1. When Val213 is evaluated against the numbered criteria (1) in contact with a helix residue (DSSP H, G or I) (Cβ under 8 Å, 6 or more places away or on another chain); (2) closer than 30 Å to Glu147 by Cα; (3) in a helix (DSSP H, G or I), which criterion, by number, is the only one it fails?
2. Report, by residue number, each residue of the range 107-125 that is open to solvent by 30 Å² or more (accessible area, probe 1.4 Å) and hydrophobic (A, V, I, L, M, F, W, C).
3. Could you grab the pairs with beta carbons closer than 7 Å, sequence gap of 6+ or different chains, first residue in the range 214-228 and under 16 Å from Leu251 (Cα atoms), second one aromatic (Phe, Trp, Tyr) and not in a loop (DSSP other than H, G, I, E, B)?
4. Tell me, please, whether a residue that is more than 24 Å from Trp216 (Cα to Cα), among the aliphatic types (A, V, I, L, M) and exposed (fewer than 14 other Cβ atoms within 10 Å of the Cβ) can be found in the range 327-338.
5. Checking Ala158 against (1) open to solvent by 30 Å² or more (accessible area, probe 1.4 Å); (2) touching a helix residue (DSSP H, G or I) at 6+ places or on another chain (Cβ under 8 Å), which test does it fail?
6. Would you point out the residue of the range 177-196, among those that are aromatic (Phe, Trp, Tyr) and either away from the ligand (no atom under 12 Å from the Cβ) or touching a Gly at 6+ places or on another chain (Cβ under 6 Å) (or both), that is most open to solvent (accessible area, probe 1.4 Å)?
7. Please tell me if Asp142 is open to solvent by 40 Å² or more (accessible area, probe 1.4 Å) and not hydroxyl-bearing (Ser, Thr, Tyr).
8. So Arg194 ticks every box in (1) among the charged types (D, E, K, R); (2) modelled with pLDDT under 95; (3) assigned to a helix (DSSP H, G or I) but one. Which box is left unticked?
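The values are calculated or read from the model by the stated rules, or taken from the named source; none is laboratory data. It should be emphasised that the depicted structure is a prediction, and the values quoted were computed from it without experimental measurement. Because the Cβ atoms are built from the backbone with ideal geometry, glycine has one as well, and the counts that use them run over all protein chains shown. These accessible areas exclude ligands, DNA and RNA; they are computed on the full protein's heavy atoms, side chains included. Shrake-Rupley method; radii C 1.70, N 1.55, O 1.52, S 1.80 Å.
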Amino acid sequence: MTEPAIGIHDLSLATTHYRLDLATLAHHLGTDPAKFHTGLGQDAMSVPAADEDIVTMAAAAARPIIDRHGADRIRTILFATETGVDQSKAAGLYVHGLLGLPSACRIVELKQACYSATAALQFATALVARDPTQQVLVLASDIAKYERGTAAEATQGAAAVAMLVTADPRLLRLEVPSGVFSADISDFWRPNYRSEAVVDGRASITAYQKATVEAWNDYRRHGGRDLSEFAAFCYHQPFTNMAYKAHRHLLESTGAAAGAADLDTALAAAAVYNRALGNSYSASAYLALASLLDHRDDLDQRPVAIISYGSGSVAEILSGVIVPGYRNHVRTAANTNAIDLREPIGYARYEELHDPELPDDGSHHELPAETSGPYRLAALTGHKRIYQPTGRPAGT
Ligand code: COA
């Protein structure tokens, strides 16, 4: 029996109104900018405006997908994030309301550090396999935030992706074998009373590399492809050099060549967007996929791997085959615009945005209108979050 083709039919990204160039951060810190540009492989990081959050980014990412395909067949929204705005209510409910989606819909939020969008994709695939007439909207949206003045400060960022998972997809057909690995460790976590993550950066790099090899070995044990078959690898990228570190480690663990040219062929096209956006936690590996599809036109019918790692920790390796003609369905111009049109800010403005003073007593508080996106967080009132459309278009 042949497997039904299920996978990613459409993929759209959104980010913030502002960006902080890492040259600006280096200047403020008195650090050599080459540490960030060459050492980490990062040029800039997205910084949310006062009226932006994971909901406004996710809704902005999803809007063009709904505009292109309609919402009649979407019966499930899976929202992956580790920057939740509520301990109880799923952030997807706000997106559902902003987009005016049908009420015949189930909505849930998933969390496991930077990994959860991959779980969402797997769950979506299973739902569509059960009923191929249905579609699932997978959202991944996060704001990576660490304490100012720490080593992790240069690896912040923010972005969202929206993916429509369907039968007979136009972009990527997901394959059944996948490789998984979990281990209870404390390399990065965020207790409920903190707005910034706690991270042991060195430990997280080592844990990421180990988890990648373990997940790869599991993938192979479950009938996965040989490494040499893949045209490209879309890694989770807390900083883009992390993909290079992990892939070198994986190649060396299997005895494959790991020269600079081998690494660039496998990784460079998938690193373009992450290099400019910074870390986006759950969205990161799928920004890598968007970047790959937008920057390579030789992938028809070729396998690519998605390597997902979430501290704490869970890793999963997925494989998929790129659908011939995918270049007719990508959103290169809109994706590039979202990244290029961010407004650069200086350190002082970034500092204000990093540590906003928001009421926690239920009093009425209006947010300044700053975002250039299609949706904004207008106010906090009575402990409720009030979102509004801005009237501005989303990427098309
Ligand atoms: N020119 C070029 N490269 C330079 C440099 C310079 N002037 N100065 C330093 N570097 C290089 C270092 O050699 C290092 O590269 P390497 O790891 O390939 O050896 C890199 O830049 C980073 O320097 P390092 O001193 O290790 O940085 P750091 O200790 O200040 O912090 C992280 C780096 C990633 C640990 C930190 O940003 C962090 O904790 N981030 C959050 C956690 C994270 O992203 N984890 C990833 C796995 S999920």
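1. (2)
2. Matches in the range 107-125: Ile107, Val108, Phe123.
3. Once the first residue is under 16 Å from Leu251 (Cα atoms) and sits in the range 214-228, its partners that are aromatic (Phe, Trp, Tyr) and not in a loop (DSSP other than H, G, I, E, B) give Glu214/Phe181; Ala215/Phe181; Asp218/Phe181.
4. Yes - at least one qualifying residue is present in the range 327-338.
5. (1)
6. Ranking the candidates gives Tyr193 first.
7. On the way: open to solvent by 40 Å² or more (accessible area, probe 1.4 Å): no; not hydroxyl-bearing (Ser, Thr, Tyr): yes.
Answer is no for this residue.
8. (3)
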